[in-house]
Amino acid sequence: MFIRGTHGLKRRIIKQGHNTLTITLPREWTRSHHLEAGDEVDLTQQEHALIINGHEHDEKKTCEIDLTGFTMPLLWRYLQGAYRAGCDEITIYFDPHKKEWEDAYHYYTTHFEYSRLGEKTPLRPTIAMLQETVNRFIGIDIIETGKTYCKIKEMAAVSHKEFENSLRRIFITLNHLFERIIEAIEKDEIGNPNLCKEIHTIDLSIDKFVDYCARILNKVPALFPEHQKQLIFSSLFILELAGDEFKYVGKHLATTSESAKEVLPLARIVKHHFDLYYKLYYAYQRDLAVEFGKHDVKLYEKHFTMKEGLSGENRSIVKHFMLLSKFILGLAELRIQMEFQASDQPGGLRH
């Protein structure tokens, strides 16, 4: 019997004693990880694989970001990228002559959406802006500041349990957004800037947990098989895009003076579509997948029969709900693919 590594290495299993089986480790690998006889390594069982981790998991991952010439959105993308990648310590350098920055959370809404509602968010000093931005991310904080820099460090270790809890929070929050938007449409909450702000604030929670889940996936290599991990990454980013659609619906409701009740039937169908996917993700069943497929056709039929009679903001709202339905379909496709890749049975699968 042989064990094959990622680079095609083979090692014969050796029997030692009555119940002990051993293999030898490649010399190049032990040298590169500074391992010697008597050292300990971590073993992680992952379906049919056994992963051996050396000392590299104890090393801290650091990075530096220079904010010179950055816009607020670019700053956000850099910090988000370092956070998602699993950096344990991030040093940020900034120009001391740039005294004020735009709001970290509402840059686009301030410039393009809230401005239509007569809103203006005040500028912030650099450190205040950075602290506000860092507060949005789970498990890190600013630990040191200077005239031209600050250091951000991880304050809490990540774990499989934290991933599961955070992923569940994403689903729960998306469900809450569906319920809140449908409630607003039912009660004719139109022309109200506060609704736009409320939905945006709720959506920030989704973004926060998506980033945290991505960080955990990158920091805990053996959390899921590699093929499954890529599907989970894709699902996370689509879930984030789905959350953004509610902000746009909220903006249309906040800027219209006409009732949006005629879009309620489609909104409820799309919510049910999400509910079916939610169930499918955590308890995959073929019958549930069949039901989802039939409901997808029903959803498009509903959109086809009602879209011609809509105008103005209601027509835009319907477009966002249909985009939501497409995101949900994409998420279901990824979940079905997970089901096929999760099995390693010979002779083919029957689903």
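No value in this document is a laboratory result; all are computed from the given coordinates. If you're wondering where the values come from, they're calculated on a predicted model, not measured in any experiment. Virtual Cβ from ideal backbone geometry, glycine too; neighbours counted across all protein chains shown.
Ordered by the count of other Cβ atoms within 10 Å of each Cβ, fewest first, MET338, MET155 give MET155, MET338.
Quick one: which of 80-86, 65-71 comes out on top by average Cβ neighbours within 10 Å, and what's the full order, highest first? Before the final figure, lay out each step's value.
Values: 80-86: 18.6, 65-71: 13.9.
Going by the mean number of other Cβ atoms within 10 Å, highest first, we get 80-86, 65-71.
Calculated on C-alpha atoms, the gyration radius of segment 152-216 divided by its Kirkwood radius gives an Rg/Rh of 1.13. When only Cα pairs below 8 angstrom with a gap of at least 6 residues are kept, segment 203-351 shows a relative contact order of 36 percent.
Averaging 1/r over each pair of different alpha-carbon atoms in segment 216-351 and inverting the result gives 16.7 Å, the Kirkwood hydrodynamic radius.
Where Lys and Arg each count +1 and Asp and Glu each count -1, what net charge lies around THR145 among other residues with Cβ under 13 Å from its Cβ? That works out to +1.
With neighbour counts taken as other beta-carbon atoms within 10 Å, the residues ASP296, ASP203, ASP88 rank, fewest first, as ASP88, ASP296, ASP203.
Using the number of other C-beta atoms within 10 angstrom as an exposure proxy, rank VAL134, VAL210 with the fewest first.
Working: VAL134 18, VAL210 24.
Exposure proxy ranking, most exposed first: VAL134, VAL210.
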